[in-house]
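Enquirer: This is the structure, below, for whatever I ask next.
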Protein chains: 2
Amino acid sequence: MEQVDTTERLRQLRQLMSKHKVDIYIVPSEDAHSSEYIAPTDARREFICGFTGSAGTAIVTHDKAALATDGRYFNQASKQLDDNWTLLKQGLQDVPTWQEWTVEQAEDGKAVGVDPTTITAPEGKKLAEKIKKKGGKDLVGVAANLVDEVWGSKKPARPNEPVKVLGMEYAGKTFGDKIEELRKELDKKKAAGFVVSMLDEIAWLFNLRGSDIPYNPVFFSYAVVTPTTATLYVDESKLEEKVKGHLEGVNIRPYDAIFTDLTTLSSSEPATNGSTESKAPKRKYLVSTKASWALHQALGGEEKVDEVRSPVGDSKAVKNETELEGMRQCHIRDGAALSEFFAWLEHELVQKGTSLDEVQAADKLEEIRSKRDKFVGLSFDTISSTGPNAAVIHYKPEPGNCSTIDPKKVYLCDSGAQYLDGTTDTTRTLHFGEPTEMEREAYTLVLKGNIALELAVFPKGTSGFALDTLARQFLWASGLEYRHGTGHGVGSYLNVHEGPIGIGTRVQYSEVPLSIGNVISDEPGYYEDGNFGIRIENIVMVKEVQTKHKFGDKPYLGFEHVTMTPMCRKLIDTSMLTERERDWLNAYHKEVLEKTGGFFKDDQRTREWLERECAPY
Amino acid sequence: MEQVDTTERLRQLRQLMSKHKVDIYIVPSEDAHSSEYIAPTDARREFICGFTGSAGTAIVTHDKAALATDGRYFNQASKQLDDNWTLLKQGLQDVPTWQEWTVEQAEDGKAVGVDPTTITAPEGKKLAEKIKKKGGKDLVGVAANLVDEVWGSKKPARPNEPVKVLGMEYAGKTFGDKIEELRKELDKKKAAGFVVSMLDEIAWLFNLRGSDIPYNPVFFSYAVVTPTTATLYVDESKLEEKVKGHLEGVNIRPYDAIFTDLTTLSSSEPATNGSTESKAPKRKYLVSTKASWALHQALGGEEKVDEVRSPVGDSKAVKNETELEGMRQCHIRDGAALSEFFAWLEHELVQKGTSLDEVQAADKLEEIRSKRDKFVGLSFDTISSTGPNAAVIHYKPEPGNCSTIDPKKVYLCDSGAQYLDGTTDTTRTLHFGEPTEMEREAYTLVLKGNIALELAVFPKGTSGFALDTLARQFLWASGLEYRHGTGHGVGSYLNVHEGPIGIGTRVQYSEVPLSIGNVISDEPGYYEDGNFGIRIENIVMVKEVQTKHKFGDKPYLGFEHVTMTPMCRKLIDTSMLTERERDWLNAYHKEVLEKTGGFFKDDQRTREWLERECAPY
């Protein structure tokens, strides 16, 4: 992984900080829509510090610079940061959070600056409070982005790709119906309207897809829905006539007009849907807790706004029958592509002795996937990693700067694709030679956790926080652990990571119960720095299950797996499995064979590989 | 369970509400120290509504009255409330929280009143904010307690029992050392001092014990510790000369003087421990998040106070070696008492055919316990419950108003005692006849959960929130569930329930990792209203465990059980147990027999009972 010399960039940034009278400057990794994956034009945090991971916050003072990131990226960040930077390993004992570190730097009356479009309102308000409480001056929203000024003419332009309509055969519900449901929520909450700020929520709400951000079929936009109106803020040049036709009844306004429009809207009397009751409290606009501080300020701040977990995000996470069936179908096609790739890879490495690097393998996988029906593109950078690279949790092999795959070490492949009928995300860890005892032990413990989570039954109302331990329990009992979450929500031909659900130790997951129709990953792992990494990821969908009893008259829920490619036979130590786990494994492999075998009628190599891997124990 | 006619009490309260210009009045169940168990003088919520459970909040408007309580008490509350009251079942879907209900009543500009000593500052502030946000007027701290005024001369006096010194052979650490450790915390947090508001924290900090609150060896007091001073607010008449001698160096001030003293303290320049740096931010007083709104206001509010999880509570929860050994020892004596009682009960009910009611059984258990070495008293009202009463989670049999024990139904006994060397709390569910299939199934599922939790291994940093599901998983898989937490912290000859740790779905448990030295209960259950109830409770202590590997160089933790009385042989369906569970059960029973058998050299009946129940499978 390359290092960038950030000395000159930091010098210029510090000059601008002085000019804008801020002593400390925060550079979050998010764009104005709180996106996890961003367009190159928004990669300010990467530009300023050189670290390319998807999560992290940079903080620059006049004499220090720190990058805070989580366990997935400790390894990568320590390689990519130059000597100007200190790495704050988030989550480790005695390491301050980036907020604590910032507050500490600000203690003696210093001012902290941030571009208010790049930080959420709750985050901004909380940080401002802490800074002031601990003797700092304040958090200042600096309208111009100072990193952009340093970046100058070399900064990539904002993408302006065309927007497409997603047909009913994939969306399963009209956008009119979705908006009506949102209006019911607004009515329940007595709200004047909802400002939709997250790009995937807008794409879902209007049954549109774009390609402004790599891997995420979204387009730069905002939307405002009131009891009587729906307005989409998007550059009109992105919309063909067909799309305009689809959007009948929706007002179209320029992307940048959102800020001035919100200021106007919030100062006028909000629509009350015909009610003339004067005693009723004035209706407020709702924004998501992920909306930017800048949006919040445009609406008039605290007094004018109610922050809620996005009702659009909540609805989007509950997939309808069309979307669920799409998920099943695209995972069958995708699972077959993976098996074809694994069989090819084994053949090349073992039978032919070909030397292949990680990128060549990833490219072959993309080539195979791209031939599948309804394929649109990948859903994230393929993690194709050999041996020690597999321990870099979000490893990204670069052409010309990656390793040759060593058939005597583990090979971890975490990859996924966008199909018109759904989004896939699968991790398999393989071995083409003789795994070590530790590799088999770790793989089997991870597999046991993966199975335990999938087999969990839980009453309605249970969150992913409560289930996380089920996936970790076997590793823990052996003194092993992984430093990432266990599951993330997955979009329907949308972002591969989506909220609000999740399985993990983040406390926000405890606030969102899993519901029938949720689609989520099940991906425990184990990583030994410098040695090897294991991860097993299946996508599962929440469904109601039948239980012997039914206490409290509420539904009991469980999971249905959709991922369809086998586990690695060589890495499983069956003596560590219970009878129930072995039964699960046999049933799973039988299903994989049944559902994907048909793809390989004329492909003897893959058929043989699949039959061998899926043979019953 | 008796009902009280609350019509006249409510009429008078509403009159007082009008006089004090509040439209809604909140009556929490806590005293001024946020105590769970309270003295009769503080039982205002019980007085106003008739419900006697340990948790719940009453809210009275001019035309409505509501009592909110949790799943443990749904059954009991619905029996005890008269027609004036609506029961708000907290935690059920679509039932508003008591705060939401209050806010709703206040919506059109109404004022809500509360005695500010009976609500914590965070709770008060949050509620005030919500009331105002939703169109209510405000939350008003009414200095006089309106329920006390209705209660009048019939209200019991505040107890004033003598305070005793707890010797080093039980406390294991001098109060001087404890105060020095607290001062280190104050220094780390740059605080002017800590106001100790919880009664058990004060008793622990000063190595004192009292008896002002039934079952809880505490005494009415406050304390303030600064870098240079320690002040105990307690009525001096409670302190014998010996106690005053023990308290050398501690200022003694009257109990009620705390409010005026805090006002004076916070307006003067706080002690800075010799530092003369004028640029340093002014040091603030720390209060626990459990401190009352009244204390908070006396200190000068927001600007002058930092709210923290109590550092005294955190230290108290980590028992020292002397306390841990005391826990082991008192549980052996207590377990032997329980076995003697169960053997007696079986003999009376089955062999002799004696008719015994629940209170007679509880009295016999107390009589047996009271003969044990170092016995001080019970640690809570014994739950002695037969058949359907066992489904009332916090059932309290009353003399003359309880059931005769039916040997053909389950008998659930949840009880504990205070000993000089520790506090016990044990639940066993027994059957003296032929259990139904469902009773055996439920008992065995509960037992499997109890064992799974005890056998859990987890890395340092894991909270009781993350472990809760382990105890529930087997019940869930069968469509069963229990509506209470799985574990509470236990004091050392102190309150039987103590924070901040806990095992359960309350989100605050996620904030406190379990630590070596914590003592906590492991008590899953299952309850069928009107039919039967099952609960199995052991006390366990957190210890470091040896694991095969040790990822991340942090300790892996597990539990050591201290409870020493057998599980119920008749209720276990061994076909539902794994080999590992059967091994655990055999090892546990062997240990119970070894550690408590010696008590019954001259007691053939108990010896035979114990040997039968502890026989290996």
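Enquirer: So which residues in region A:3-40 are under 24 Å from residue A:158 (Cβ atoms) and in a helix (DSSP H, G or I), if there are any at all?
Expert: A:9, A:12, A:13, A:16, A:40 - these are the residues of region A:3-40 that are under 24 Å from residue A:158 (Cβ atoms) and in a helix (DSSP H, G or I).
Enquirer: Can you tell me how many residues in region A:314-323 are surrounded by fewer than 23 Cβ atoms within 10 Å (Cβ to Cβ) and part of a helix (DSSP H, G or I)?
Expert: Number satisfying all stated conditions: 4.
Enquirer: Can you tell me how many residues in region B:527-549 are within 12 Å of another protein chain (Cβ to nearest Cβ) and crowded, with 22+ Cβ neighbours inside 10 Å?
Expert: Residues meeting the conditions: 1.
Enquirer: So, one more: Please enumerate the residues belonging to region A:550-583 that are in a strand (DSSP E or B) and within 14 Å of chain B (Cβ to nearest Cβ).
Expert: A:556, A:557, A:558, A:559, listed by residue number.
Enquirer: Name every residue in region B:446-469 that is facing chain A (nearest Cβ under 10 Å) and of a type outside the set (Gly, Ala, Ser), in order of residue number.
Expert: Passing the criteria: B:455, B:457, B:458, B:459, B:460, B:462, B:465, B:467, B:468, B:469.
Enquirer: Within region B:377-424, which residues are modelled with pLDDT of 95 or more and surrounded by fewer than 17 Cβ atoms within 10 Å (Cβ to Cβ)?
Expert: If the condition is that a residue be modelled with pLDDT of 95 or more and surrounded by fewer than 17 Cβ atoms within 10 Å (Cβ to Cβ), then B:377, B:404, B:406, B:408 are the ones that fit.
Enquirer: Please pick out the residue among A:556, A:588, A:617 that is aromatic (Phe, Trp, Tyr), surrounded by fewer than 20 Cβ atoms within 10 Å (Cβ to Cβ) and at pLDDT 95 or above.
Expert: Going through A:556, A:588, A:617 in turn, just one is aromatic (Phe, Trp, Tyr), surrounded by fewer than 20 Cβ atoms within 10 Å (Cβ to Cβ) and at pLDDT 95 or above: A:588.
Enquirer: Looking at region B:41-74 only, could you name the residues that are in a helix (DSSP H, G or I) and hydrophobic (A, V, I, L, M, F, W, C)?
Expert: Across region B:41-74, the qualifying residues are B:47, B:48, B:49, B:74.
Enquirer: Additional query: If only one of B:479, B:489 is in contact with a helix residue (DSSP H, G or I) (Cβ under 9 Å, 6 or more places away or on another chain), modelled with pLDDT of 95 or more and on the phi > 0 side of the Ramachandran plot, which one is it?
Expert: None of the other options fit; the residue is B:479.
Enquirer: Hey, can you tell me all the residues within region B:251-284 that are outside any helix (DSSP H, G or I), at pLDDT 95 or above and in contact with a helix residue (DSSP H, G or I) (Cβ under 8 Å, 6 or more places away or on another chain)?
Expert: Correct list: B:252, B:253, B:254.
Enquirer: Ok, one more. When you look at residue B:178, is it outside any helix (DSSP H, G or I), under 27 Å from the mean Cα position of the chain (by Cα) and surrounded by 14 or more Cβ atoms within 10 Å (Cβ to Cβ), yes or no?
Expert: It is false that residue B:178 is outside any helix (DSSP H, G or I), under 27 Å from the mean Cα position of the chain (by Cα) and surrounded by 14 or more Cβ atoms within 10 Å (Cβ to Cβ).
Enquirer: How many residues are within 13 Å of another protein chain (Cβ to nearest Cβ) and of a type in the set (Val, Ile, Thr) when one looks only at region A:470-526?
Expert: Result for region A:470-526: 5.
Enquirer: So, in region A:159-191, exactly how many residues are of a type in the set (Gly, Ala, Ser) and more than 23 Å from residue A:215 (Cβ to Cβ)?
Expert: Going through region A:159-191 one residue at a time, the tally reaches 2.
Enquirer: Given the structure, is residue A:443 under 30 Å from residue A:209 (Cα atoms) and either at pLDDT 95 or above or within 13 Å of another protein chain (Cβ to nearest Cβ) (or both)?
Expert: In short, no.
Enquirer: Let me ask something additional. Does residue B:187 fit the bill of being under 30 Å from residue A:107 (Cα atoms), modelled with pLDDT of 95 or more and not aliphatic (A, V, I, L, M)?
Expert: Yes: the conditions hold for residue B:187.
Enquirer: Right, another one. For region A:89-111, give me the residue count where each residue is charged (D, E, K, R) and in contact with a strand residue (DSSP E or B) (Cβ under 8 Å, 6 or more places away or on another chain).
Expert: 2
Here is a yes/no grid of residues against (1) modelled with pLDDT under 95; (2) among the small types (Gly, Ala, Ser):
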| position | (1), (2) |
| --- | --- |
| A:295 | no, no |
| A:300 | yes, yes |
| A:306 | yes, no |
| A:326 | no, yes |
| A:330 | no, no |
| A:333 | no, no |
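Enquirer: If we scan region A:528-542, do we find a residue that is closer than 28 Å to residue A:433 by Cβ, without any contact (Cβ under 8 Å) to a residue 24 or more places away in the chain and not small (Gly, Ala, Ser)?
Expert: no
Enquirer: If I filter region B:456-471 for residues that are surrounded by fewer than 24 Cβ atoms within 10 Å (Cβ to Cβ), among the basic types (Lys, Arg) and assigned to a loop (DSSP other than H, G, I, E, B), do I get at least one hit?
Expert: yes
Enquirer: Here's another thing I want to ask about it. Evaluate the following for residue B:219: is it in contact (Cβ under 8 Å) with a residue 24 or more places away in the chain and either polar (S, T, N, Q) or surrounded by fewer than 19 Cβ atoms within 10 Å (Cβ to Cβ) (or both)?
Expert: Considered against the rule, which asks whether it is in contact (Cβ under 8 Å) with a residue 24 or more places away in the chain and either polar (S, T, N, Q) or surrounded by fewer than 19 Cβ atoms within 10 Å (Cβ to Cβ) (or both), residue B:219 comes out as no.
Enquirer: How about region B:119-160: which of its residues are of a type in the set (Ser, Thr, Tyr) and closer than 17 Å to residue B:31 by Cα?
Expert: The one that is of a type in the set (Ser, Thr, Tyr) and closer than 17 Å to residue B:31 by Cα: B:120.
The values are calculated or read from the model by the stated rules, or taken from the named source; none is laboratory data. Please read these numbers as outputs of a predicted model, since none were measured by experiment. Positions of Cβ are backbone-derived with ideal geometry, glycine not excepted, and every protein chain shown enters the neighbour counts.
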